[in-house]
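For reference, the structure is listed below as structure tokens.
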Amino acid sequence: MLAVLGPSGSGKSSLLRAVAGLEPVHGGTVRWDGADLTGVPTHRRGFALMFQDGQLFDHLTVARNVGYPLRLRRHDRSAVRREVDDLLDLVGLGGFADRLPRTLSGGERQRVALARSLAAKPRLLLLDEPLSALDAGLRVRLAADLRRILRESGTTALLVTHDQEEAFAVADRLAVMRDGRVVQEGTTEEVWARPADAATALFLGYARVLEGAAARAVLAAAGRPPAEAVAVRRSALAAREAGRPGRTDRTGQPGEAGAAGLAGTVRSVRATPDEVRLVVDVDGVGEADAVGAPGWLPAVGDRVALRVDPARLAVL
Amino acid sequence: MTGGGSAGTGRLLGLLGLAAVPTAVLGLFFLLPVAGMLERGLWPEGSFEPGAVLEVLGTDRTRRVVWFTVWTSSVATAASVLLGLPAAYVLHRLRFPLRGAVRAALLVPFVLPTVVVGIAVRELVADSGPLGFLGLDGTPVAILIGLVFFNVAVVIRTVGAAWEGLDRRPAEAAAALGAAPWQVLVTVTLPALRPAIVSAASVVFLFCATGFGVVLTLGGVRYASVETEIYLLTTGAITGSVELGAAAALSIVQLVAVVALLGVAARLRAVPDPTVRRSVAAPTRPRRRDLPALFVTGGVLAAVALPIATLVVGSLRRDGAWTLVHYRALTGVGADAGGNGGGLLRAPVTEALGNSLRIAVDATWMSLLLGLLVAVVVTSRSRSAAERRVRSAFDGLFMLPLGVSAVTLGFGFLITLDEPPLDLRSSPLLVPVAQALVALPLVVRVLVPVLQGIDDRQRQAAASLGAGPLRSLLTVDVPVLWRPLLVAAGFAFAVSLGEFGATSFIVRADVPTLPVVIYRLIGSPGQLNYGTALAASVVLAAVTALVVLLVERLRVPGAGTF
């Protein structure tokens, strides 16, 4: 299961549509098992495409939507019904057979669309941002379901999305696309741990990319070998009050840069339920993001001590 | 109600004030004449006697007329839809050179005066015409050709506009699930187009069933529809004596049928969600599988061009030679029975053209004014269910002239507005008012979707930025509305120019309009008269076509759809 991840306008939807045969390919070929599919019309490719908003047929019931690809192949009626019931059970919508798509919620519609795509028994299932139209909580649940269902049905899938959470939740492999080209490809863990370049790192959710002396300072504080550029996540720097030893403080030298610590001046503060988000002017590094434990509210201009979490850095 | 009591009352009063003018005009010049016609039929001697109506309905001729109306309308509707669907696809989904020109050309028949359509088809199927060898002259098939010629544009425009706005993705989803192109068409595209197709078909059926000029010029006394029968009865053309009671009885039948049909059509008409921004799918280049549709479109184009070409050629030929004599005769008053320039008409044909243009200008501003008021009332945001119901009833009321036959209207004018205090028969405004009412539904249908399409939040945004009501009208509504207003004006003008049904009843003999003169000329013996009628038809067709082509240049999406 491969996810193509890219910002909007990076050409990932065009890629998907070209694979599906909905858009002409201007250069290169689309191959499957060595056979060139470039001139084959969409309906003979055997690639089912699931749209961002499902594209259920509003004039058909849920059961008739799911049975649509089966009826195209003239399966007999009872076989269609059995298979539709199985698919609806698989996506967790047993009993929804006679509902009309308009009466369903967004998540239910996407499940029906998935069942319909699976009914086509595609050689390859193409998913166009299948979860991005849903709200955050539902997206997490449905992503897990999607992964389970695709695994259970043994379907090869190609997912395009701009949302790294969606990609990480569903896919085994990841290709990052920018300006119409694939800039990095690998397993989700590899791509996550070693982004190919600064832009990729930022797109993958890293907060900042530090270069030169700043990168060396941060890496030194993390106890890692020096490099010319490093991507840091927002939570890579943990802040605490300067001059008061924290539980994890090992140097006993608050306020000074040591092997495991940095110091800086608070530039801005914002409290969220889980943490305190700071922007700190770090000595020898420059401006950087940091988080503090909830309940502690430093003022702008305060000195803070910072600890670097090596697991939340990616050397570029 | 979210607003306070006084604000609600104010809104309601404002609404009623806006609605008052169009309602009064409609009441006086539409409902009153139609009611007068009902009275004439049901209360023939001052007492209620529905028996007379039933008696008329029981005669063989009436039954024949009704049956003829139903079957010709059904066949013509089916043919229009079958020919119009492929053409709608080609003209609204494919990209090819001269697409705009072809689209405009196919709109022309719809606004061509029905009398002209009748004459053109007659020229086509006459023994001497290009299709003379088929022997269709004087058969119902000729009438069918005329009806389809006139109405196929309605299907193309209405279905085409829906097709253009159709989301491509459901069809793509079906293709990705393994549906072949024809399966996509049957299972996805046609169901999505069904509201537009049903709407177009019901309007076409309505136009066919109440079609007047085409059936009268091609069918005469022999093949009469309900509409022309009413006319023939009132003019005494069938038995030689005027039979107003029978005509009124038929009008009642027609009115009931048409109102029922309009009700069905309104129920079936797709009401697009005005908050959804209409997107127009980018047209694609034709592919091999589009060949059949392209072929049908070419055929439709040829079928539309052929009668017009025949008409033009006929107007330019006399005794087997090319000549302009028929056009020169336009300045004359027609030939008498002896074939000399003795004076069939009271005024030269050119003067009739002048009358037509003057009347059309009057009818245009009247229908624009009324149409704009109706559209504003119908589309303002309703604050309660009752208010919404009032508005939709109001909307339906002003669609009535679409279906109530023009002949019934003209006939009603004739019998109700002839005595003080409403002796308007000699008023020069009577004809424009009648024509404005005939054009009104078209004007309303152009303006309503546009006003509905203006998101109310834009006005709210303007207000929140400090614009007063007038300012927000000028900055939000007017920029969007002026082009559709011009389009509506063009349609109203064209409809007025060609209006024949109502006008033939109420026009004053000394101020005839061009369609009326044309009908006089073809009904009179003499080759010169017929040739002059052809020449006058060409002139009338050219003027209306010019107006429509100008309108088409404005490219208002969905103009001329139902």
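Just to check I understand the Karplus step: with θ = phi - 60° and J = 6.51 cos²θ - 1.76 cosθ + 1.60, what whole-Hz values come out for region B:95-112, glycine and proline as x?
So the J values, rounded to whole Hz, are 10, 7, x, 6, 4, x, 5, 5, 4, 5, 4, 6, 7, 3, x, 4, 9, 4.
Among A:Leu2, A:Leu72, A:Ser13, flag the residue with its Cα farthest along the positive direction of the charge dipole of region A:1-130, charges on Cβ as +1 for Lys/Arg and -1 for Asp/Glu.
Value: A:Leu72.
I'd like the Karplus ³J(HN,Hα) series for region B:13-30: coefficients 6.51, -1.76, 1.60, θ = phi - 60°, whole numbers in Hz, and an x wherever there's a Gly or Pro.
Once rounded to whole Hz, the list reads 5, x, 4, 5, x, 4, 7, 4, 4, x, 5, 4, 4, 4, x, 6, 9, 10.
Pop the C-beta distance of B:Val221 and B:Trp322 into the FRET formula with R0 = 35 Å and round what comes out to the nearest 0.05.
The value I calculate is 0.55.
What spacing in nm lies between the two simple spin-label points modelled at A:Arg44 and B:Val21, each 7 Å away from Cα in the Cβ direction?
Between A:Arg44 and B:Val21, the simple spin-label model gives 6.4 nm.
Of the DSSP beta bridges with both residues in the protein assembly as shown, give the percent that are antiparallel, rounding to the nearest 5.
Counting DSSP beta bridges with both partners in the protein assembly as shown, the antiparallel share is about 70 percent.
Per residue and in Å³, how big is the convex hull formed by the alpha-carbon atoms of chain A?
Convex hull volume per residue, Cα atoms: 162 Å³.
Net charge within 15 Å of A:Ala171 by Cβ-Cβ distance, Lys/Arg positive one each and Asp/Glu negative one each, not counting A:Ala171 itself?
Cβ neighbours under 15 Å give a net charge of -4.
How big is the B/A interface in buried accessible area, both sides summed, 1.4 Å probe, to the nearest 100 Å²? Could the numbers behind the result be given before it?
Working: alone 24950 and 15960 Å², together 39300 Å².
Adding both sides of the contact gives about 1600 Å².
Hey, with R₀ at 30 Å, roughly what FRET efficiency would B:Arg61 and B:Leu32 work out to, going by the Cβ-Cβ distance, to 0.05?
The computed FRET efficiency comes out at 0.50.
Between rounded, prolate and oblate, where does region B:117-195 land on the alpha carbon gyration tensor, with a ≥ b ≥ c its root eigenvalues, rounded for a/c under 1.5, else prolate if a/b exceeds b/c?
prolate
For chain A, give me the percentage of DSSP beta bridges that are antiparallel, rounded to the nearest 5 percent.
Percentage antiparallel, nearest 5: 70.
Amide H of A:Arg178 versus every other amide H placed in the peptide plane: which residues, excluding those fewer than 5 positions away on the same chain, fall under 5 Å?
Hits under the 5 Å cutoff: A:Val183.
Under a Cβ-Cβ cut-off of 15 Å, what is the net charge of the residues other than B:Ser405 that fall near it, where Lys and Arg count +1 and Asp and Glu count -1?
-3
If we count every other residue with Cβ under 12 angstrom of A:Thr187's Cβ, Lys/Arg +1 and Asp/Glu -1, where does the sum land?
Residues near A:Thr187 contribute -2 overall.
Apply 1/(1 + (r/R0)^6) to the Cβ-Cβ distance of A:Arg267 and A:Arg181, taking R0 = 45 Å, and write down the FRET efficiency to the nearest 0.05.
Efficiency at R0 = 45 Å is approximately 0.75.
How far is it, in nm, from the label point at A:His59 to the one at A:Leu138 when both lie 7 Å from their Cα along the line to the Cβ?
Simple spin-label model gives 2.6 nm for this pair.
If you take all C-alpha pairs in region A:1-107, what percent of them are over 22 Å apart?
For region A:1-107, the share of Cα pairs beyond 22 Å comes to 48 percent.
Rounded to the nearest 500 deg cm²/dmol, what is the calculated helix-only ellipticity per residue at 222 nm for chain A, with -39500 (n - 2.57) per DSSP H run of length n ≥ 4?
Theoretical 222 nm ellipticity from helices: -9000 deg cm²/dmol.
Hey, can you find the accessible area per residue of the protein assembly as shown for me, probe 1.4 Å, expressed in square angstrom?
Working: 39300 Å² over 878 residues.
Counting only protein heavy atoms, the per-residue value for the protein assembly as shown is 45 Å².
For chain B, state what percent of all Cα-Cα pairs lands in each successive 20 Å bin, counting from 0 Å until the bin that includes the largest distance.
20, 53, 24, 2
Does the protein assembly as shown come out rounded, prolate or oblate, given a ≥ b ≥ c as the square roots of the eigenvalues of its C-alpha gyration tensor, rounded meaning a/c under 1.5 and, failing that, prolate meaning a/b above b/c?
Prolate.
Please report, as a whole percent, how much of the solvent-accessible surface of region A:255-316 comes from carbon and sulfur atoms (probe radius 1.4 Å).
With neighbouring chains kept in place, the figure for region A:255-316 is 50 percent.
As I understand it, the value is the acute angle between the Cα axis of helix A:106-119 and the longest principal axis of the Cα atoms of chain A; what does it come to in degrees, rounded to 10?
50 degrees
Which residues of region A:41-75 show a drop of at least 40 Å² in accessible area when all protein chains are present, compared with their chain alone (probe radius 1.4 Å, heavy atoms only, ligands and nucleic acids excluded)?
When all protein chains are present, A:His43, A:Phe51, A:Gln55, A:Phe57, A:His59, A:Tyr68, A:Leu72 each give up 40 Å² or more of accessible surface.
Please state the shape class of region B:58-107: rounded when a/c is under 1.5, otherwise prolate if a/b exceeds b/c and oblate if not, all from the C-alpha gyration tensor.
Because a/c hits 1.5 or more and a/b exceeds b/c, region B:58-107 counts as prolate.
In sequence order, what are the phi-derived ³J(HN,Hα) couplings for region B:60-76 according to the Karplus relation 6.51 cos²θ - 1.76 cosθ + 1.60 with θ = phi - 60°, rounded to whole Hz, with x for glycine and proline?
In residue order, the calculated couplings are 4, 5, 4, 4, 4, 5, 5, 4, 4, 4, 5, 6, 5, 5, 5, 5, 5 Hz.
Quick one: helix A:77-90 against the long Cα principal axis of chain A, what's the angle to the nearest 10°, folded into 0 to 90?
10 degrees
With +1 assigned to the C-beta of every Lys and Arg and -1 to the C-beta of every Asp and Glu, and no other charges, what is the dipole magnitude of chain B about the Cα centre in debye, to the nearest 20?
2320 debye
The values are calculated or read from the model by the stated rules, or taken from the named source; none is laboratory data. Quick caveat, the model's predicted, so the values are computed rather than measured. Because the Cβ atoms are built from the backbone with ideal geometry, glycine has one as well, and the counts that use them run over all protein chains shown. Keep in mind that these areas ignore ligands, DNA and RNA; they rest on the heavy atoms of the full protein, side chains included. Shrake-Rupley method; radii C 1.70, N 1.55, O 1.52, S 1.80 Å.
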